[in-house]
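Structure, as structure tokens:
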Amino acid sequence: MLRKILIFGILFSALFYWGCKESITDNPVPNKAPNTHLFLFPDSTISKQKSRLQVHWWGDDPDGIVVGYYFKWEGIDSTWNFTTKNDSIFSLPIGSKDTTFRFLVVAADNDGNNKYDAEVIRNNINFGPEPFTDENGNGKYDEGENFVDIGNIDPTPAQQEYPIKNSTPTVKWSKETILPRESFPVMTLGWDAEDLDGNSTIVSINLALNDTTQNIVSLEGSVRLVTLLGVNLDSPSPEMKILIDGSEDKVNPVNLKNLKLDDFNKIYVQAIDISGAKSEFVPLPDTGSTWFIKKPKGKLLIIDDYPGNSNAESFYESRFDAVHNGALAGKYDVLDLEQTKLPYEFLTFVETVKLFDYVFWYSGSTPTLDLANLVTLKYLQGGGHIAFSMTFEDSSTAFPFELATLQNFLPVDSLGQEDPVPFLLKGANVLPSDSTIDYPQLKTSSTTGFVRTFYPSSLTAYSVYDISSKQINGHIAVMNNTKNLFFIGLPLHLCNGIEGSLQKFFDKLFFDDFGLQP
């Protein structure tokens, strides 16, 4: 009996199993599409956003795994973009006013067909080719490359509207842009302009000189630095040319008007974005300081590179006032490098010097060699004439001397001796090197330190003065063959041991050799 029951049970189980198997095969359960969700915070309402925002989403699949997401911004891009991430940062385009954008995202599961599809069409939407890793970089799928096998896609995209509020740009003068209280009509200015919607939305920069109601000059929105150059300085309405990034090859087609010479001036900057939103006009200088722009008095600039307080400036001014029967009196300017700190000095200084046809540059034993290197060649190429009077400290000091540095702007081949004479005593004679060179004899009127002699470049220059004394011998002054550069390795205001000799020297140098016409 027990044996019959056992056999019956086995037969019943087998029949039940095959019956169930037949039922499953005839009626398979379809794969379910994944669901997609957007994460909203801090609450369920969306307030106006800045145009750069972060969106979060996620998906779940009741019978599989979510392998990625397709998303798009309606009205911006008709293409669905694929990602495996659950969030992204977007920079939305800003129009002429506040606007609203709709974001759509759908999840895709892993119920694919195990082969690469050049088109993924689900729910009557063409999502494009399946994503793949382009291992050989040829821009198309090749057999064996990894791809995402897309299965079902959520037929009901998660979507949300994002009202975008345009942010007003901001602008401020750069920390390097600190104006001196007084300058010539040359200045380099920089500013920082930003926009929360992205700095690329800044489409223009406005500059105005002394008046923000008229004669505003508009620059491209990417410009952050300009050099301003005075032009038409003798006209009743002088202007300022604008060099973009300080480059003479990038001149703005419109000049700044309203320049006031020998008077106080103020420059303004403003940023404007693609929607037309404007920052405030930011002035420079602010109410706490002033900027006086002086008109050049003539063709000659004296550069005071002498450290500390000394009588050097008044000495040279008195000599230039007297030279050539007073022809230069009141017709030259002085630039004190120690007292006048220029913003973006290398750019501003070069253009300042170019306002003048003639330069006399004097210093002690620590001249500003980087500026001399920078300006000399460009200045001479532009037709200028320049004379230097200075000594150079030893290489063991805080102001190291290197012959190569000197050779960058002076026509000298080598040194007369390796080390300078520590002190050239008062009364040592400085004599012309050749009787055919009609320069007056000079004599030191004070003890001078760090004196070096030089050999002029044999092909481009010649010697003007030799030193003849018990202390040192050799060339101390040179002139280039084109007679537009002179150098003497002594402070000339300490070489006035013979009364009237320096007036004769400056007359010979600037009027006879340089060809100065007041």
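Here are some notes:
- Asp333 vs. criteria in contact with a His (Cβ under 7 Å, 6 or more places away or on another chain) and closer than 26 Å to Met187 by Cβ: no
- Single unsatisfied condition, Lys504 versus (1) among the basic types (Lys, Arg); (2) closer than 19 Å to Thr376 by Cβ; (3) modelled with pLDDT of 90 or more: (2)
- Each residue in segment 462-483 was checked for being at pLDDT 95 or above and surrounded by fewer than 19 Cβ atoms within 10 Å (Cβ to Cβ), and 4 pass.
- Selection of strands (runs of 3 or more DSSP E) fully inside segment 439-518 by the criterion of at least 3 residues being in contact with a His (Cβ under 8 Å, 6 or more places away or on another chain) returns 454-456, 461-468.
- Screening Ser289, Ser247 for residues that are surrounded by fewer than 17 Cβ atoms within 10 Å (Cβ to Cβ), touching a residue at least 60 places away in the same chain (Cβ under 8 Å), within 24 Å of Phe346 (Cα to Cα) and not assigned by TED's automatic domain parsing to the domain that holds Leu337 leaves exactly one candidate, Ser289.
- Near pairs, Cβ below 9 angstrom, 6+ apart or cross-chain, from segment 304-317 (among the basic types (Lys, Arg)) to any residue that is assigned to a loop (DSSP other than H, G, I, E, B): none
- No other residue among Asp321, Asp273 is surrounded by fewer than 16 Cβ atoms within 10 Å (Cβ to Cβ), farther than 20 Å from Arg181 by Cα and among the charged types (D, E, K, R) apart from Asp321.
- Across segment 418-438, the number of residues qualifying as in a loop (DSSP other than H, G, I, E, B), more than 16 Å from Ile488 (Cα to Cα) and without any contact (Cβ under 8 Å) to a residue 60 or more places away in the chain comes to 5.
- Look at (1) of a type in the set (Gly, Ala, Ser); (2) loosely packed, with under 13 Cβ neighbours inside 10 Å; (3) touching a strand residue (DSSP E or B) at 6+ places or on another chain (Cβ under 9 Å) and you find that Ser235 fails only one, number (3).
- The set of residues in segment 240-279 being more than 12 Å from Leu189 (Cβ to Cβ) and acidic (Asp, Glu) consists of Glu248, Asp249, Asp262, Asp263, Asp273.
- Elements of type helices (runs of 4 or more DSSP H) in segment 299-395, at least 2 residues being closer than 29 Å to Leu225 by Cβ: 345-353, 369-381
- As a summary of the residue check, Pro253 satisfies the conditions (1) under 26 Å from Thr170 (Cα atoms); (2) buried (at least 16 other Cβ atoms within 10 Å of the Cβ); (3) without any contact (Cβ under 8 Å) to a residue 60 or more places away in the chain except for the one numbered (2).
- Residue count for segment 51-94, restricted to those that are out of contact with any Lys or Arg (no Cβ under 6 Å at 6 or more places or on another chain), surrounded by fewer than 19 Cβ atoms within 10 Å (Cβ to Cβ) and part of a loop (DSSP other than H, G, I, E, B): 11
- Residue within segment 197-212 that is touching a helix residue (DSSP H, G or I) at 6+ places or on another chain (Cβ under 7 Å), among the hydroxyl-bearing types (Ser, Thr, Tyr) and assigned to a strand (DSSP E or B) present: no
- Scanning segment 292-305 for residues that are of a type outside the set (A, V, I, L, M) and surrounded by 18 or more Cβ atoms within 10 Å (Cβ to Cβ) returns Pro296, Lys299, Asp304, Asp305.
- For segment 394-416, filtered to residues that are surrounded by 13 or more Cβ atoms within 10 Å (Cβ to Cβ) and modelled with pLDDT under 80, the residue that is farthest from the chain's Cα centre (by Cα) is Asp394.
- Criterion violated by Gly198 - all others in (1) modelled with pLDDT under 95; (2) closer than 24 Å to Arg181 by Cα satisfied: (2)
The values are calculated or read from the model by the stated rules, or taken from the named source; none is laboratory data. Since we're looking at a predicted model, the values are computed, not measured. Note that we place each Cβ from the backbone using ideal geometry, even for glycine, and neighbour counts take in every protein chain shown.
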